[in-house]
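The values are calculated or read from the model by the stated rules, or taken from the named source; none is laboratory data. Bear in mind that the values here come from a model prediction, so they are computed numbers and not experimental data. A quick note on method: Cβ atoms are made from the backbone with ideal geometry, for glycine too, and the neighbour counts reach across all protein chains shown. With ligands, DNA and RNA removed, areas are computed over all heavy atoms of the protein, side chains included. Shrake-Rupley method; radii C 1.70, N 1.55, O 1.52, S 1.80 Å.
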Amino acid sequence: MGPTTMPSSGSASSLIVASSATVAAVFTAYRIYRWSAGRNRETGDHRVTVSLPSWATEENYFSRSYVTDDEMMALAVELSARNVAEKTGGPFGCAIYKRNIETGCAELVSVGMNRVVPLHNSTLHGETVAIQMAQRKLRNFALSPEEDEGGERRFQYELFTSCEP
């Protein structure tokens, strides 16, 4: 209730108490804000970084052609094995493809591998890393099938993952 709507039976002191309480609340909120801003400076910004190991970005997986499910799964297995061999994470590899429904040919959209331990983040399993990389590359959070102007599905996204070796 604001000062203009205070009942007439209230005294000026109740108005001052209400105003003092409001000022105290605002001041407390400001102090908390300043304290947390200082903490943010001390601990750095609160960004989460998702990155691939250097070998995954140097390898030319994206120039290969993929037609069969076996070829696509082979890449997921390769990523998993390489991640363990390079000691850059656990044994999960994942690849996301954009497949032409008519021809069956697929292009590689993203790769991911287990990054839990090296990046200190329990959510960075191979699949989630690959999904995040695909979403960033496509600038879209949905990996929905793509349709042409007539509503016919032309492309679909497919995820292949493996914990082999």
Output for the stretch 124-165, where each listed residue is at pLDDT 90 or above and assigned to a strand (DSSP E or B): Arg153, Arg154, Phe155, Gln156, Tyr157, Glu158, Leu159, Phe160, Thr161, Ser162
Identify, please: which residue in the stretch 119-136 is over 12 Å from the mean Cα position of the chain (by Cα) and not hydroxyl-bearing (Ser, Thr, Tyr) and is, among those, least open to solvent (accessible area, probe 1.4 Å)? Gly126
Looking at Val116, Val84 in this structure, which one is surrounded by 16 or more Cβ atoms within 10 Å (Cβ to Cβ), out of contact with any Lys or Arg (no Cβ under 6 Å at 6 or more places or on another chain) and assigned to a loop (DSSP other than H, G, I, E, B)? Val116
Filter the stretch 99-113 for residues that are in contact with a helix residue (DSSP H, G or I) (Cβ under 9 Å, 6 or more places away or on another chain) and either among the hydrophobic types (A, V, I, L, M, F, W, C) or buried (at least 19 other Cβ atoms within 10 Å of the Cβ) (or both); which is nearest to Tyr157 (Cα to Cα)? Arg99
Take the residues in the stretch 51-81 that are small (Gly, Ala, Ser) and within 18 Å of His125 (Cα to Cα); name whichever of them is surrounded by the most Cβ atoms within 10 Å (Cβ to Cβ). Ala76
Consider Asn40 carefully, then state whether it is surrounded by 12 or more Cβ atoms within 10 Å (Cβ to Cβ) and either in a helix (DSSP H, G or I) or modelled with pLDDT of 95 or more (or both). no
